[in-house]
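Take this structure, written in structure tokens, and hold onto it; I'll ask about it next.
The values are calculated or read from the model by the stated rules, or taken from the named source; none is laboratory data. Computed from a predicted model, the values in this text were never measured in an experiment. Quick reminder, even Gly has a Cβ in these numbers, built from the backbone with ideal geometry, and neighbours come from all protein chains shown.
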Ligand code: 5AD
């Protein structure tokens, strides 16, 4: 438990305040927002940056999301599914690098058999001290339950946008079932997972009002982890081709910029002071030199280095030109730990679960 230093006061933001910050353009005022977010981050989750090793275990997907390059309709990419030996090798790498968590992510791939993955989770939990996070799409509750029983600790499922009409047009239903990610997030919570979600910033058709509502929804869901990144157009998708019109065009379009993403990261920290918030790959893709560092300076406290074998990594193209961080990238030879020290932070010890401080009511 961490006590909040006496000089720090949490700010209380209402939806109208959030909306005003999203529209704020004055750089001096924005400096204030960054400072508020950074103070709140330090007071509630400290200077540790938790490292989660990301393993992209399969790029197969049955869905046809309008924004994502892994969509089933995209025949232009070679599909792969890692073997259990390969996945366990990556988990061993995560331990070797000193990470506290391994994240297994994939498209919604029913070739990932429930029991097969449960076996892998059991092995990782038996052989390593790692926390296991899953990010495998909208699987049936039986699967989520089996994986939780096998020892999985956390599950990530972004709700992408709280605007229902927009969500439905960019995220067609599959398997004859209406996609209700909020219902799945509630199931995950009941199963005892730490629950992560998030949105894309600047989705075509996203209004400022709906984005402000997304941020309030993070608070309402009391999320343990929140990932936000800019929407990046993929040329092999309907949205990326501009071949798509939003369900309504009344609100003003949110830009998918670096600045807007920082605003969302900072506001997310203010509304969810204890959450684990990554400085995301999508953000780093917009600014390779400084995006990750600025995310960490404006509210984030997690980095997800990519530990997928390089031969698969390039095939996991959710959006083009993904900026991957790994043990060789940050400051050339020095590795991630040294890079963090250089920016005044330190690698997290242990698994880096959600903080539960006393100051939250
Ligand atoms: N641009 C940015 N983020 C994307 N994602 C999927 N496609 C894109 C894109 N084109 C994000 C979604 C998903 C996460 C794994 O990646 O938010 O939940």
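Scan the stretch 105-119 for residues that are touching a helix residue (DSSP H, G or I) at 6+ places or on another chain (Cβ under 7 Å) and buried (at least 20 other Cβ atoms within 10 Å of the Cβ) and jot them down.
Passing the criteria: only 117.
Now, a different point. Does any residue of the stretch 189-197 turn out to be under 21 Å from the mean Cα position of the chain (by Cα) and closer than 16 Å to residue 109 by Cα?
No: the stretch 189-197 contains no residue that is under 21 Å from the mean Cα position of the chain (by Cα) and closer than 16 Å to residue 109 by Cα.
Right, something else. Do we find a residue being in a strand (DSSP E or B) and out of contact with any strand residue (DSSP E or B) (no Cβ under 9 Å at 6 or more places or on another chain) anywhere in the stretch 140-151?
Going through the stretch 140-151, the residues in a strand (DSSP E or B) turn out to be none.
Checked against the condition, which is being in a strand (DSSP E or B) and out of contact with any strand residue (DSSP E or B) (no Cβ under 9 Å at 6 or more places or on another chain), the stretch 140-151 yields no hits at all.
If I filter the stretch 189-217 down to residues being within 16 Å of the ligand (Cβ to nearest atom) and assigned to a helix (DSSP H, G or I), which single residue comes out as farthest from residue 155 (Cα to Cα)? Steps first, please.
Of all residues in the stretch 189-217, those within 16 Å of the ligand (Cβ to nearest atom) come to 195-206, 210-211, 214-215, 217.
Pick out the ones that are also assigned to a helix (DSSP H, G or I) and you get 210-211, 214-215, 217.
Numbers: 210: 24, 211: 23, 214: 19, 215: 19, 217: 18 Å.
Of everything passing the filter in the stretch 189-217, 210 is farthest from residue 155 (Cα to Cα).
Could I ask something else about it? Could you list all residues from the stretch 320-338 that are modelled with pLDDT of 85 or more and either within 16 Å of the ligand (Cβ to nearest atom) or touching a strand residue (DSSP E or B) at 6+ places or on another chain (Cβ under 6 Å) (or both)? Steps first, answer last, please.
Our first condition is that a residue be modelled with pLDDT of 85 or more; within the stretch 320-338, this holds for 320, 336-338.
Once the filter is applied, which keeps residues that are modelled with pLDDT of 85 or more and either within 16 Å of the ligand (Cβ to nearest atom) or touching a strand residue (DSSP E or B) at 6+ places or on another chain (Cβ under 6 Å) (or both), the stretch 320-338 yields 320, 337.
Moving on. Taking the condition at pLDDT 95 or above, more than 14 Å from the ligand (Cβ to nearest atom), touching a helix residue (DSSP H, G or I) at 6+ places or on another chain (Cβ under 6 Å) and not in a loop (DSSP other than H, G, I, E, B), does residue 267 pass? Spell out how you get there, then give the answer.
Details: at pLDDT 95 or above: yes; more than 14 Å from the ligand (Cβ to nearest atom): yes; touching a helix residue (DSSP H, G or I) at 6+ places or on another chain (Cβ under 6 Å): yes; not in a loop (DSSP other than H, G, I, E, B): yes.
In short, yes.
If I filter the stretch 33-41 for residues that are free of Cβ contacts under 8 Å to residues at least 40 places away in the same chain and within 29 Å of residue 340 (Cβ to Cβ), do I get at least one hit?
Checked the stretch 33-41: at least one residue is free of Cβ contacts under 8 Å to residues at least 40 places away in the same chain and within 29 Å of residue 340 (Cβ to Cβ).
Let me confirm something: among 229, 205, which residue is within 20 Å of residue 270 (Cβ to Cβ) and buried (at least 19 other Cβ atoms within 10 Å of the Cβ)? Spell out how you get there, then give the answer.
Details: 205 fails: within 20 Å of residue 270 (Cβ to Cβ).
On inspection, the qualifying residue turns out to be 229.
If you don't mind, another one. So is residue 182 more than 13 Å from the ligand (Cβ to nearest atom), closer than 18 Å to residue 63 by Cα and part of a helix (DSSP H, G or I) or not? Steps first, please.
Values: more than 13 Å from the ligand (Cβ to nearest atom): yes; closer than 18 Å to residue 63 by Cα: yes; part of a helix (DSSP H, G or I): yes.
Answer is yes for this residue.
Look at the stretch 149-162 and say how many of its residues are under 12 Å from residue 195 (Cα atoms) and more than 10 Å from the ligand (Cβ to nearest atom).
Count: 4.
Same structure, new question: Which residue out of 317, 341 is away from the ligand (no atom under 16 Å from the Cβ) and either at pLDDT 90 or above or part of a helix (DSSP H, G or I) (or both)? Lay out the reasoning, then the answer.
Details: 317 fails: away from the ligand (no atom under 16 Å from the Cβ).
Being away from the ligand (no atom under 16 Å from the Cβ) and either at pLDDT 90 or above or part of a helix (DSSP H, G or I) (or both) holds for just one of 317, 341, which is 341.
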